[in-house]
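The values are calculated or read from the model by the stated rules, or taken from the named source; none is laboratory data. Owing to the predicted nature of the structure, the values given are computational and were not obtained by experimental measurement. Neighbour counts run over all protein chains shown; Cβ positions are idealised from the backbone, glycine included. In case anyone asks, the SASA skips ligands and DNA or RNA and just uses the protein heavy atoms, side chains included. Shrake-Rupley method; radii C 1.70, N 1.55, O 1.52, S 1.80 Å.
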Amino acid sequence: TFLNRTAWSLAILAALLLVGTAGYVLIEHQSVSDSFYMTAITLTAVGYEEVFELSPAGRTFTMVLLLSGLSWMGLWFANITSFIVELDLQGALRRRRIMKQISDLQDHIIVCGAGRTGRQVVQEIHQFGHDYVVIERSPDQIERLREYVPDALVLEGDATHDQTLLDAGIMRARGLIACLSADTDNLFVCLSARDLAGGLTIVARAYEEETIAKLYRAGADQVVSPNVSSAVQMASILLRPSAVAFLDIATRSADLRLQAEAVPVGEQLAGTTLAEARLPDRTGLIVIAIKRAGDWGALEFNPAGDAVLQKGDELIVLGSEEQIDALRSFAA
């Protein structure tokens, strides 16, 4: 709309310049350059002295031209003003629409930061179809994120502020991932998030190794260090190449997309053994471990067939999304 209005305004200005120049040439019999200059200073109402003596007809023409120029300037300033107002209005409406979408979310994930790590996290969450909100204060980073995930739900703001976390629905969120560019910012986000939502699962990224312990004390449930993870992966590629190759194929291949998931044990499986449940036969999943209810960190890896399942336990399984969904409906 602004471009169309600007085009019309420039077209009207060009027409006024053309009419004014031609009028002075015909009425006052002056040169084209003097007539054009006289038209320009008349339309803009700058108040310079007349370039040449005006006849009565010339003065009448000048007054008409002057009124036309004032009308055109009013039109031009109105166009600029409406453009600024519409920009502010669009921003307000966009934020209101985003806040309405966030208010409808439940059990979502909040991602703080849309840098390189944040973009990869968002792509992974988006691929699994889970609800999420991204908090980012840099418009450039937001635009870069939308190049990868056009439909990303982004809240522009500072994640270190409590109000921004509340706007992102932290009280209804499932978890929070702090992957800002500075360890101090991630530390502050963990402190604020843990204070606002005590039961929230918080995962934080640490650049410096000495920051890991501080993030745990600040309330993070898990801390990921790219330096440590990269070192372990590089060593594993040489020491355990077959295992690493399998994990890469299982988690990154488009044809074989596997994921590890924790599925709670419900009434139907409570009291049965793992052998009696026959999960591999019924769902095709691989049972990696059992996390016992009420005992954080108590994991039984590679459980035996006589392991008894209790209500509230969680089965750590590996398989496709469809297989995991089948287990959820079966184990409920």
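Translational diffusion of the range 178-227, estimated by Stokes-Einstein from the Kirkwood radius over alpha carbon pairs at 4 °C in a medium of 1.567 mPa s, is 125 µm² per second.
Candidates Ala57, Tyr148, Gly20 compared by Cα position along the dipole of the range 18-172: farthest toward the positive end lies Tyr148, with charges placed on Cβ. If only the Cβ of Lys and Arg carry +1 and only the Cβ of Asp and Glu carry -1, the dipole of the chain around its Cα centre is close to 300 debye. Its residue count N sets the reference 2.2 N^0.38 Å, and the alpha-carbon radius of gyration of the range 2-49 equals 1.28 times that reference. Remark: the chain carries 58 Å² of accessible area per residue (probe radius 1.4 Å; ligands, DNA and RNA excluded). Across the chain, counting alpha-carbon atoms alone, Rg and Dmax equal 33.6, 113 Å.
Let me know the shape class of the range 4-104, please: from the alpha-carbon gyration tensor, a ≥ b ≥ c as square roots of the eigenvalues, rounded when a/c is under 1.5, otherwise prolate if a/b is greater than b/c, or oblate. Judged from the Cα gyration tensor, the range 4-104 comes out prolate (a/c at least 1.5, a/b above b/c). Sites listed here are chymotrypsin sites (Phe, Trp or Tyr not before Pro) in the range 1-83 whose DSSP assignment is loop and whose Cβ has at most 12 other Cβ atoms within 10 Å: Tyr48.
In whole percent, how big is the carbon plus sulfur part of the accessible area of the range 155-239, probe 1.4 Å, protein atoms only? About 57 percent, which is the carbon plus sulfur part of the accessible surface. Taking all protein chains as present, what is the carbon and sulfur share of the accessible area of the range 277-321, in % to the nearest whole number, probe 1.4 Å? Result for the range 277-321: 53 percent of the exposed heavy-atom area is carbon or sulfur. Each label point was placed 7 Å from the Cα along the Cα-to-Cβ direction; for Arg217 and Ser103 their separation is 4.1 nm.
Here the Kirkwood formula puts the hydrodynamic radius of the range 259-300 at 11.5 Å, using every distinct Cα pair. For Thr273, the residues whose amide H sits under 5 Å from its own are Leu309, ignoring neighbours fewer than 5 places away on the same chain, with H placed 1.01 Å from N. Once the chain from Ile84 to Arg146 is taken as fully extended at 0.36 nm per residue, the excess over their C-alpha distance is 19.9 nm. Placing unit charges on each Cβ (+1 for Lys and Arg, -1 for Asp and Glu) gives the chain a dipole about its Cα centre, and among Leu315, Gly219, Gly118 the Cα reaching farthest toward its positive end belongs to Leu315. All distinct Cα pairs of the range 99-224 go into the 1/r average, and the inverse of that average, the Kirkwood radius, is 14.1 Å. The trypsin sites (Lys or Arg not before Pro) of the range 1-109 include none that meets both conditions, a loop assignment by DSSP and at most 13 other Cβ atoms within 10 Å of the site Cβ.
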